Amino acid sequence: MFEGQGPVGALRRSVRLVRDNWWRTFGLLLLAGLMVMGLSLAVQILTGAFQSPVDPLVVDPDTGRFGSAEVRAILADTLVASVIGLVVGSVVQIAGMAVTHLTAALVYVDLRIRKEGLADALIGELGQGTPGPQAPPATGQSG
């Protein structure tokens, strides 16, 4: 996507970039995926705890039925908790996708810097050339 290549060209380029760095690349992407999965699971557990009804339904002893007001209240509470859980879960999923995609992009740029000298090319494009060694600042004489 960054370089405007077709699918086959992009796969060939990916194979060249990842060669000799496969386990490192796999490990970084796996770590990012596991972190996102852990965060998503924690949020799912928390929102699930709030979605369960707190008050049990009590049968009316006179009629042998549940009270309609209680049923409506529990359904309303469950609906509100489900909507909140859905919104929070969606936000976490979007953030998780962003983290994994950004991790993949950073690994790509890192591989290009390591294998193709991307940093030197970018510095050259800025017209600054490669920085040389810097002399320490001169100290003045006191007195």
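The values are calculated or read from the model by the stated rules, or taken from the named source; none is laboratory data. Note that this is a predicted model, so its numbers are computed, not measured. Note that we place each Cβ from the backbone using ideal geometry, even for glycine, and neighbour counts take in every protein chain shown. Protein only, heavy atoms only, side chains kept; ligands, DNA and RNA dropped before computing areas. Shrake-Rupley method; radii C 1.70, N 1.55, O 1.52, S 1.80 Å.
Six or more apart or on different chains, Cβ atoms under 9 Å: show the pairs whose first residue is in the stretch 77-91 and under 15 Å from LEU39 (Cβ atoms) and whose second is at pLDDT 90 or above and among the polar types (S, T, N, Q). Listed pairs, sorted by first residue: GLY89/SER40. Condition test on GLY89, is it open to solvent by less than 50 Å² (accessible area, probe 1.4 Å), of a type in the set (Gly, Ala, Ser), touching a helix residue (DSSP H, G or I) at 6+ places or on another chain (Cβ under 6 Å) and at pLDDT 85 or above? Judged against the criteria, GLY89 is not a match.
Every condition in (1) open to solvent by less than 100 Å² (accessible area, probe 1.4 Å); (2) in a helix (DSSP H, G or I); (3) modelled with pLDDT under 75 holds for LEU57 except the one numbered (2).
Among the residues of the stretch 64-81, are any at pLDDT below 90 and either within 30 Å of ALA119 (Cβ to Cβ) or in contact with a Ser or Thr (Cβ under 7 Å, 6 or more places away or on another chain) (or both)? Give the steps one after another, and end with the answer.
Here is the first cut: in the stretch 64-81, the ones at pLDDT below 90 are 64-81.
Imposing the further condition that a residue be either within 30 Å of ALA119 (Cβ to Cβ) or in contact with a Ser or Thr (Cβ under 7 Å, 6 or more places away or on another chain) (or both) reduces the set to none.
No: zero hits.
Quick check on the stretch 34-43. Is at least one of its residues under 30 Å from ARG16 (Cβ atoms), surrounded by fewer than 11 Cβ atoms within 10 Å (Cβ to Cβ) and modelled with pLDDT of 90 or more? Yes, because at least one residue in the stretch 34-43 is under 30 Å from ARG16 (Cβ atoms), surrounded by fewer than 11 Cβ atoms within 10 Å (Cβ to Cβ) and modelled with pLDDT of 90 or more. Figure legend. Inter-residue proximity from the stretch 97-118: first residues touching a residue at least 60 places away in the same chain (Cβ under 8 Å), second residues open to solvent by 40 Å² or more (accessible area, probe 1.4 Å) and not aromatic (Phe, Trp, Tyr), beta-carbon distance below 7 Å, spacing 6+ or different chains. Indicated pairs: THR103/LEU28; THR103/LEU29; ALA104/LEU29; VAL107/LEU28; VAL107/LEU29.
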